[in-house]
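*Asks:* Here it is, the structure in full.
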Amino acid sequence: MSKPPIYLNLLKIHLPIAGVSSITHRVSAVGIFILLLPFLFLLFLAVNSESGFDLVSFYFEMTFVKVFFNLLIAGLTYHFISGIRHLVMDFGYWETLEAGRNSAIGTFVVSFILLFIFTTILW
């Protein structure tokens, strides 16, 4: 019988692309949760009054705010596309290793293309 490892070196573990896709799906959910709170506050501030809207417009001219908004859009885009991939897999498709690998690569490619479009619109 083999002994379990004493420690795991996460830098030496080589995950398949489908595993990386699954982990980044979860990481994007955490990022969305963290970034959504301040931007929801800005949305409520912008909707309340004209002076609030002017203040939020001023904030969105700052590079710092635009970068974090771009991260929120990136997380939402990737999480949405990856969620569709997981739903298709729940219906019994793309369950082979090859199909899972191809769908993970497709998720990254489609998310990158959409993120490029959204970033171009934002900036």
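*Asks:* Trypsin sites (Lys or Arg not before Pro) within segment 1-87: which are DSSP loop residues with at most 15 other Cβ atoms inside 10 Å? Please report the intermediate quantities before stating the final value.
*Replies:* Values: sites: Lys12, Arg26, Lys66, Arg85; in loops: Lys12.
Answer by residue number: Lys12.
*Asks:* Could you compute the FRET efficiency for Trp123 and Arg101, with r as their C-beta to C-beta distance and R0 at 41 Å, rounded to 0.05? Walk me through the numbers before you get to the answer.
*Replies:* Working: r = 33 Å, r/R0 = 0.80.
For Trp123 and Arg101, the calculated efficiency is 0.80.
*Asks:* Something else: Among His25, Thr120, Val47, whose Cα sits farthest toward the positive end of the charge dipole of the chain (+1 at Cβ of Lys/Arg, -1 at Cβ of Asp/Glu, about the Cα centre)?
*Replies:* His25
*Asks:* With a length cut of 24 Å (Cα positions projected on each helix's long axis) and a Kyte-Doolittle mean of at least -1.0, go through the chain and give me the DSSP H helices that pass. Numbers along the way, then the final one.
*Replies:* On the way: long enough: 17-48 (45 Å, 1.92); 63-90 (40 Å, 1.07); 97-122 (37 Å, 1.55).
For the chain, where a helix must reach 24 Å along its axis and average at least -1.0, the hits are 17-48, 63-90, 97-122.
*Asks:* As I understand it, the dipole of segment 17-122 uses +1 on the Cβ of Lys and Arg and -1 on the Cβ of Asp and Glu, about the Cα centre. Which of Val56, Leu37, Gly83 lies farthest toward its positive end?
*Replies:* Gly83
*Asks:* So, in Å, what gap is there between the alpha-carbon centers of segment 41-60 and segment 7-33?
*Replies:* The two parts, judged by their Cα centres, are 36 Å apart.
*Asks:* Using a simple charge model, +1 on the beta-carbon of Lys and Arg, -1 on the beta-carbon of Asp and Glu, nothing else, what dipole does the chain show about its Cα centre, in debye to the nearest 20? Spell out each step's value before the answer.
*Replies:* Numbers: 6 positive and 6 negative charges, 118 e Å.
The calculation lands at about 560 debye.
*Asks:* Could you order the peptides 30-40, 71-81 from most to least packed, using the average number of other C-beta atoms within 10 Å per residue? Let's see the in-between values first.
*Replies:* Details: 30-40: 13.6, 71-81: 19.4.
Top to bottom by mean Cβ count within 10 Å: 71-81, 30-40.
Throughout, read-outs are computed from the coordinates displayed, never taken from laboratory work. Every value quoted in this text rests on a predicted model; they were computed, and no experiment measured them. Please note: Cβ atoms are built from the backbone with ideal geometry, for glycine as well, and neighbour counts cover all protein chains shown.
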